[in-house]
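*Asks:* Can you read through this structure? Questions will come right after.
The values are calculated or read from the model by the stated rules, or taken from the named source; none is laboratory data. Predicted, not measured: the structure shown is a model, and the values here were computed from it. Every residue, glycine as well, gets a Cβ built from its backbone with ideal geometry; the counts of neighbours run over all protein chains shown. Heads up: the accessible areas ignore ligands, DNA and RNA and are worked out on the full protein's heavy atoms, side chains in. Shrake-Rupley method; radii C 1.70, N 1.55, O 1.52, S 1.80 Å.
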Amino acid sequence: MTVTDRPAAATDTVLAAVGLTKHFPIRRRLRTLFGQRRAVHAVEGVDLALRRGRVTAMVGESGSGKSTVARLLAQLVPQTSGEVLLHGSPVRASRRGFRAYCRRVQMVFQDPFASLNPVHTVRYHLTRALRIHHSDVSPEELLTRVALTPPERFLPKFPHELSGGQRQRVAIARALAAGPEALLADEPVSMLDVSIRLGVLNLLRDLRDRLDLAILYITHDIASARYFADEVLVMYAGQVVEGGGGEAVTQHAAHPYTQLLIASAPDPDRILGDASDVKDGGTGEPPSLIDPPSGCRFHPRCPHAMPRCVAEAPPRLPVESNGEGPHWAACWLYDTRTAAEQAPEVGA
Ligand code: SF4
């Protein structure tokens with residue numbers, strides 16, 4: 001199989017999640033006095049679709065569950081409930097099936113130094129991946145695809161002889177060795193120098209276009225999502241709280257949490273700056289995921305919280321799209337009942 005070969009039955013949606021949920025059981029001594037089994041509710045009922053030739057950004061602060069979503073999609077951890085669908089078919093865990101799945105869904109990790117073996121050369125990493133996936137692409141071709149040229153210069157190098165950006169390009173080249181249809185990139189630029197982040201994001205965008213890849217871009221930096229993504233999903237406390245086109249979500253944020261993220265990163269040029277303040281999500285603390293807040297999980301931090309927000313979890317509600325495609329927010333502010341109840345006050 002070559003890098004550009006595609007299955008005949010391919011659909012526009014390559015990879016999807018339906019009601020994806022992950023609870024991590026906590027250790028015995030942290031259980032309640034009554035011996036109840038407790039768990040960290042890391043991911044709760046996540047629905048998403050990764051489409052061919054599109055970048056979907058998943059944005060949220062540290063601990064929001066976005067990296068766990070990537071690992072669930074990559075089948076690195078089993079889900080508690082819900083399903084992962086590849087071209088509409090449920091993915092079932094099996095050793096044999098896992099390797100076939102890896103050929104179609106590859107992951108790029110945050111730390112390129114940790115993901116490459118320091119005692120092996122670039123040639124070894126790429127040749128091994130090509131052999132595992134029975135690919136007839138050459139290591140030189142892979143390096144050319146990620147703009148490490150001339151390839152002969154990089155093939156004999158060890159990871160410590162490369163810059164952070166070059167290491168991440170090698171990690172991406174290794175992922176491409178499988179000829180994937182979907183790439184799950186977990187904070188792929190957050191450990192790189194700010195001066196080279198843009199180059200790696202441009203590379204991923206170029207691969208999206210040339211190889212028609214479906215890319216999930218996990219990030220805590222909404223400014224880079226605004227720059228890079230076709231679609232943006234915003235994650236808070238294990239749940240997706242807003243979704244829509246990249247422009248719609250970042251220019252007309254509807255959910256109060258997204259508005260908080262945007263307020264923390266008002267400058268679109270932040271991609272070239274330090275985004276560490278965004279990582280902490282601005283004001284307030286994320287809730288405990290062992291005992292998450294009732295109703296809307298954002299209500300303890302939300303300036304618009306109403307009694308209803310404490311009692312009932314909001315569903316996905318449509319918000320005005322400004323002609324930029326579907327845009328929704330899981331927030332009671334966009335419910336017609338809330339609007340009707342608030343109308344007299346607005347008119348007063
Ligand atoms: Fe705030 Fe209520 Fe909307 Fe949650 S549902 S974000 S608490 S207004």
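*Asks:* Tally time: how many residues in the stretch 302-314 are open to solvent by 40 Å² or more (accessible area, probe 1.4 Å) and either within 10 Å of the ligand (Cβ to nearest atom) or touching a residue at least 24 places away in the same chain (Cβ under 8 Å) (or both)?
*Replies:* Residues in the stretch 302-314 being open to solvent by 40 Å² or more (accessible area, probe 1.4 Å) and either within 10 Å of the ligand (Cβ to nearest atom) or touching a residue at least 24 places away in the same chain (Cβ under 8 Å) (or both): 7 in total.
*Asks:* If residue 218 satisfies every condition in (1) assigned to a loop (DSSP other than H, G, I, E, B); (2) modelled with pLDDT of 95 or more but one, which is the exception?
*Replies:* Residue 218 satisfies every listed condition except (1).
*Asks:* So residue 322 fits all but one of (1) more than 8 Å from the ligand (Cβ to nearest atom); (2) at pLDDT 75 or above; (3) more than 17 Å from residue 235 (Cα to Cα); what number is the exception?
*Replies:* Answer for residue 322: the failing condition is (2).
*Asks:* Considering every residue within the stretch 208-216, establish whether at least one is closer than 22 Å to residue 68 by Cα and open to solvent by 10 Å² or more (accessible area, probe 1.4 Å).
*Replies:* No, because not a single residue in the stretch 208-216 is closer than 22 Å to residue 68 by Cα and open to solvent by 10 Å² or more (accessible area, probe 1.4 Å).
*Asks:* May I pose another question? Could you grab the pairs with beta carbons closer than 8 Å, sequence gap of 6+ or different chains, first residue in the stretch 14-28 and under 28 Å from residue 208 (Cα atoms), second one of a type in the set (A, V, I, L, M) and open to solvent by 30 Å² or more (accessible area, probe 1.4 Å)?
*Replies:* From residues that are under 28 Å from residue 208 (Cα atoms), the pairs are 15/85; 16/85; 17/85; 18/85.
*Asks:* Further question: Taking the options 289, 317, name whichever one is at pLDDT 90 or above and not small (Gly, Ala, Ser).
*Replies:* Exactly one residue qualifies, and that residue is 317.
*Asks:* For the stretch 227-237, name all the residues that are part of a strand (DSSP E or B) and of a type outside the set (Val, Ile, Thr).
*Replies:* Hits for the stretch 227-237 are 231, 233, 235, 236.
*Asks:* Got a sec? Which of 154, 158 is more than 15 Å from residue 199 (Cα to Cα), without any contact (Cβ under 8 Å) to a residue 60 or more places away in the chain, hydrophobic (A, V, I, L, M, F, W, C) and surrounded by 21 or more Cβ atoms within 10 Å (Cβ to Cβ)?
*Replies:* Every option except 154 fails the conditions.
*Asks:* Considering only the stretch 186-196, how many residues are under 18 Å from residue 216 (Cα atoms) and at pLDDT below 90?
*Replies:* 3
*Asks:* Hand me the list of helices (runs of 4 or more DSSP H) wholly inside the stretch 104-177 holding 3 or more residues that are within 30 Å of residue 89 (Cβ to Cβ).
*Replies:* Counting at least 3 such residues, we get 122-132, 164-176.
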